[in-house]
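Taking it in order: structure first as structure tokens, then the write-up.
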Amino acid sequence: MSRPGARMRTIGGSAWHRYGPGLLMIGPLLLFLLVFYVVPFGNMVAESFSYSSGDTGARTGLTFHQYVKTFESGRVSRVLMRTFRISLITVAVTLVLSYPIALLLLRSGRVLRTGILLVTFVSLASSLIVRNYGWVVVLADGGPLNGLLIGLGIVDAPLRMMPSEGAIVVGLVHFSMPFMILPIYGALLRVPQSLREASLSLGAGEWRSFFRIVFPLTMPGIFGGTMLTFAASMSAFVTPLMLGSPSTAMISQLAAEQLLVQLNFAWGSAIIVVLTVLTFLLVTVYAVALKRMFRVDV
């Protein structure tokens, strides 16, 4: 008859053999996230509930003063709406451009597929600042794009393409396309080709088969790509700084101004917390809406 202590040691040993190696593998990652993400964000949340040096009145205990000031500020509201608008446009343009590329990857030969993937990974690995400087040159008044438009007779004088919201969208789309192409391509690989072939054999055309069969089954990949693109666009800082102007500033620039220029750490922290919570809520609503509309797990 086995003793309870021996049985508990056996159960504990089997649990360690089952979960121990996995915990040892993800342990460094969890430690990294804790030290460089969770702790700093927790400090920022705590800072957002304090008074700044420019506030007047009583300054004892926790306060929602910074959040009240954030929601009452007309400038913050305008910048936040601009950030939301630019992010949605970026997601839409990136999806429209990336889905055909993912389809081309699926249906192309080995050489073409390798070339497209190579270009995608090179774009993913290249410096964001270098890419933005490239667009500064291309979109400049005397840049090659304006030169092409003038040479073709489309315009008589150079167009003012930057700084502008359109230039910011171009830079964000360039940055986000690898994050959209790869999840959609992975989702397409998991769609059985027999379903499309069965749909075609039953009389449905290519477009109907695509929109009724293929597109809904790739929704998890679309969700992953659009979520990454939206989150990156909402928190973008370098791209709007290089391709935009103070009149096209996004919410991350406003927060950086309060933290680094005005040294108003409390209000800057509150703006970042609001941005983080708002992005999380929007992504959650988006996930629930997709799940109910297409009845897929995302």
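The values are calculated or read from the model by the stated rules, or taken from the named source; none is laboratory data. Treat the numbers as computed from the prediction; the structure is a model and nothing was measured. We place every Cβ from the backbone using ideal geometry, glycine too, and count neighbours over all the protein chains shown.
Under 7 Å between Cβ atoms, which residue pairs at least 6 apart in sequence (or on different chains) link something in the stretch 195-220 that is more than 27 Å from Ala287 (Cβ to Cβ) with a partner that is buried (at least 16 other Cβ atoms within 10 Å of the Cβ)?
Within 7 Å, the pairs are Ser199/Ser209; Ser199/Ile213; Leu200/Ser209.
Is there a residue in the stretch 288-297 that is of a type in the set (D, E, K, R), exposed (fewer than 14 other Cβ atoms within 10 Å of the Cβ) and assigned to a helix (DSSP H, G or I)?
Checked the stretch 288-297: at least one residue is of a type in the set (D, E, K, R), exposed (fewer than 14 other Cβ atoms within 10 Å of the Cβ) and assigned to a helix (DSSP H, G or I).
I need the helices (runs of 4 or more DSSP H) fully contained in the stretch 150-218, keeping only those with at least 3 residues that are under 20 Å from Ala92 (Cα atoms).
165-189
State the number of residues belonging to the stretch 182-195 that are more than 31 Å from the chain's Cα centre (by Cα) and more than 21 Å from Leu290 (Cβ to Cβ). Give the derivation first.
Just the residues of the stretch 182-195 that are more than 31 Å from the chain's Cα centre (by Cα), to begin with: 194-195.
Okay, now just the ones that are also more than 21 Å from Leu290 (Cβ to Cβ), so 194.
Total meeting the criteria: 1.
Scan Phe179, Phe211 and give me the residue that is surrounded by fewer than 13 Cβ atoms within 10 Å (Cβ to Cβ) and either within 17 Å of Phe223 (Cα to Cα) or under 25 Å from the mean Cα position of the chain (by Cα) (or both). Give the derivation first.
Details: Phe179 fails: surrounded by fewer than 13 Cβ atoms within 10 Å (Cβ to Cβ).
Answer to the selection: Phe211.
Could you identify the single residue in Val273, Val277 that is within 15 Å of the chain's Cα centre (by Cα), of a type in the set (A, V, I, L, M, F, W, C), modelled with pLDDT of 90 or more and at negative phi?
Val277
Of (1) of a type in the set (S, T, N, Q); (2) loosely packed, with under 15 Cβ neighbours inside 10 Å; (3) in contact (Cβ under 8 Å) with a residue 24 or more places away in the chain, Ser126 satisfies all except one. Which?
It is condition (3) that Ser126 fails.
Out of Gly221, Gly186, report the one residue that is surrounded by 20 or more Cβ atoms within 10 Å (Cβ to Cβ) and either at positive phi or in contact with a helix residue (DSSP H, G or I) (Cβ under 9 Å, 6 or more places away or on another chain) (or both).
So the residue among Gly221, Gly186 that is surrounded by 20 or more Cβ atoms within 10 Å (Cβ to Cβ) and either at positive phi or in contact with a helix residue (DSSP H, G or I) (Cβ under 9 Å, 6 or more places away or on another chain) (or both) is Gly221.
Please find, among Gly268, Gly186, Gly205, the residue that is farther than 30 Å from Arg75 by Cα and modelled with pLDDT of 90 or more.
Step by step, each of Gly268, Gly186, Gly205 is checked, and only Gly186 is farther than 30 Å from Arg75 by Cα and modelled with pLDDT of 90 or more.
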